[in-house]
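The values are calculated or read from the model by the stated rules, or taken from the named source; none is laboratory data. This structure is a prediction, so every number in the text was calculated from the model and none was measured. Methodologically, a virtual Cβ is constructed for each residue, glycine included, from the backbone with ideal geometry; neighbour enumeration extends over all protein chains shown. Ligands, DNA and RNA are stripped out before the accessible areas are found, and what is left, the full protein with its side chains, is counted by its heavy atoms. Shrake-Rupley method; radii C 1.70, N 1.55, O 1.52, S 1.80 Å.
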Amino acid sequence: MTARFLFFAVVTLVIGTLAVSMFDDHDRSDLHRDRASQSAERVTAAAVEPTFVGKAVCGECHQDNFQLHQNSGHAQTFHAANQDNIVQHFAGKTADAGTPHGFYTYLSGPDGLQVFRRRTTDASDGDVDDETFQYALGSGQNAITLINLDSKTDGDPVLLEHRVSWFRSHGGFGLTPGHLHHVPEEKRELFGELFEGRPLQQCVWCHTTSGEVIGDEVKDLIANVNCEKCHGPGSEHVRQARQSDTPPPYSVGKADWDFESELQLCGNCHRLPRHVDPKDIRDYIPMMLRFQPIGLVRSACYLESEGQMMCSTCHDPHAHFTSKTQQQYIDDCVGCHQPDNDHHTVCSVSTSEGCIDCHMPAMKVEQGMVFHDHWIRVRPEN
């Protein structure tokens, strides 16, 4: 009995040990599979192309910059033309577009602003054309310009930029910049100028966070220049930020970001020398005042800064330029032009005041719009 009992006890112990070992191996296998699955999910998530999350999500963590941006011109660059903030400047009013364009009268409709064109102001004139403009560009801090999208018979999109814009400088209508010498080549151009191809796409691209014109529609439209226009789609950054209190730096979404990168980013819409006629740059026509990077890159302040001067040296890209006082901008100048530093150029007139008025004054361009000249220099009249 004793020997038989011992035999069964040993067998039971062995079987039990094997069973435990088998279950341990099964658990370990499951654990390994779970870990491998989690690792694969992490790799997959990291490999997925980032997508847009919207500025409200950015505002969850970056509340200060979010609030600054809300009051900036960038937050108000692209609108449906029948929005109240656009309609109030146009509806029920008449604009003189000059000969041969005639007179435009505006009426708000479900699809945008309808523009009726007559040769005279006589309401009984039976010769009337009309166009409906779907969208409006501009924050209204300088101007608001209407555009209409359509497609040609081959399906390629065409953009009609209205000849008349609303200007804050005088609270009324004037010719859209660039239209002064435009001569209509077809009847439809009596309403404005037609654009196709790259200029058309660039027009919409610069006023939106996301949008591609296909036919008469803007696909994947995210209106206005929001956070992700400059920083890039933020889904991956948000995912990491929600998993960790110390997510990796995101900045503008580029690991190799530098001073030149910032100039190129801002200049893509605010214009760089490659975007305009070299003769216009050489003559530095008044229109160049609207394109600040063009003036900046020919300034000694920029050329001799060894790559240290860029747009954000003076401007917070999230805020309206009026968020700083003129004295604060002067302090930016003085911060570089130190009188006790032999490597800095020191003003012979004053080392503490007058920098803006003398070296980059506010000047009027078309329709009374005012811009500071960003070609920083000792001006001939000084």
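Structure data summary
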| read-out | value |
| --- | --- |
| Dipole axis of segment 288-336 (+1 Lys, Arg; -1 Asp, Glu on Cβ), positive-most option in Val334, Cys314, Phe291 | Phe291 |
| Listed candidates (1) 125, 70, 33; (2) 72, 68, 44; (3) 60, 57, 56 - label of the one calculated as Cα extents along the principal axes in Å | (1) |
| In Å², nearest 10: area of Ser108 left accessible to a 1.4 Å probe | 50 Å² |
| Protection-proxy order for peptides 352-362, 239-249, each taking the mean of Cβ atoms within 10 Å per residue, highest first | 352-362, 239-249 |
| Ratio Rg/Rh, restricted to segment 293-339 and using Cα atoms, in which Rh is the Kirkwood radius | 0.97 |
| Under the Karplus curve 6.51 cos²θ - 1.76 cosθ + 1.60, θ = phi - 60°, whole-Hz ³J(HN,Hα) for segment 348-364, x wherever Gly or Pro sits | 7, 8, 7, 9, 9, 7, x, 4, 5, 4, 7, 9, 8, x, 6, 9, 8 |
| Listed pairs Lys279/Lys364; Lys93/Lys187; Lys55/Lys229 exceeding 18 Å between Cα atoms | Lys279/Lys364; Lys93/Lys187 |
| Interchain or long-range residues, amide H under 5 Å from Val158's placed H | Asp150, Ser151, Lys152 |
| Cβ-derived FRET efficiency at R0 35 Å, Lys219 paired with His181, nearest 0.05 | 0.55 |
| Apportionment of accessible area to carbon and sulfur, the chain, percent (1.4 Å) | 55 percent |
| For segment 144-154, Karplus couplings with θ = phi - 60° (6.51, -1.76, 1.60), whole Hz, Gly/Pro x | 10, 10, 8, 9, 10, 9, 8, 10, 7, 4, 8 |
| Reachable aspartates and glutamates, given that their alpha-carbon falls under 12 Å from the alpha-carbon of Lys324 and they are not under 8 places away in the same chain | Asp316, Asp332 |
| Accessible area per residue in Å² at 1.4 Å probe, computed on the chain | 59 Å² |
| Under the Debye formula (equal points on every Cα, no solvent term), log10 I(q)/I(0) of segment 269-382 at q = 0.09 Å⁻¹ | -0.25 |
| Calculated diffusion of segment 74-187, Stokes-Einstein form, Kirkwood radius summed over Cα pairs, 4 °C and 1.567 mPa s, µm²/s | 89 µm²/s |
| Under the Karplus curve 6.51 cos²θ - 1.76 cosθ + 1.60, θ = phi - 60°, whole-Hz ³J(HN,Hα) for segment 215-232, x wherever Gly or Pro sits | x, 9, 10, 9, 7, 6, 6, 10, 5, 6, 9, 9, 3, 6, 5, 9, 8, x |
| Using alpha carbons only: equivalent-ellipsoid semi-axes of segment 87-147, gyration tensor based, whole Å | 21, 13, 10 |
| Accessible surface of Lys187 - all protein chains present, 1.4 Å probe, nearest 10 Å² | 130 Å² |
| Segment 322-377, dipole about Cα centre (Lys/Arg Cβ +1, Asp/Glu Cβ -1), debye to the nearest 20 | 180 debye |
| Cα-centre dipole for the chain with unit charges at Cβ (Lys and Arg positive, Asp and Glu negative), debye to 20 | 380 debye |
| His69 accessible area, assembled protein chains, probe 1.4 Å, Å² | 10 Å² |
| Which of Leu107, Leu289, Leu265 is most accessible, then next, and so on - probe 1.4 Å | Leu107, Leu265, Leu289 |
| Amide H within-cut-off set for Ile376, under 5 Å, with H built and near neighbours excluded | Ser299 |
| Amide H contacts of Ile214 (H built 1.01 Å from N, under 5 Å, at least 5 apart or other chain) | Lys219 |
| Descending semi-axes in Å of segment 114-261, equivalent ellipsoid built from Cα gyration tensor | 40, 17, 14 |
| Overall dimensions of segment 238-279 as given by Cα atoms, namely Rg and Dmax in Å | 16.1, 54 |
| Those GluC sites (Glu not before Pro) in segment 184-260 that DSSP places in a loop and that have at most 11 other beta carbons within 10 Å | Glu185, Glu186 |
| Residue (of His181, Gly232, Val213) at the positive-pole extreme of segment 125-240, dipole from beta-carbon charges | Gly232 |
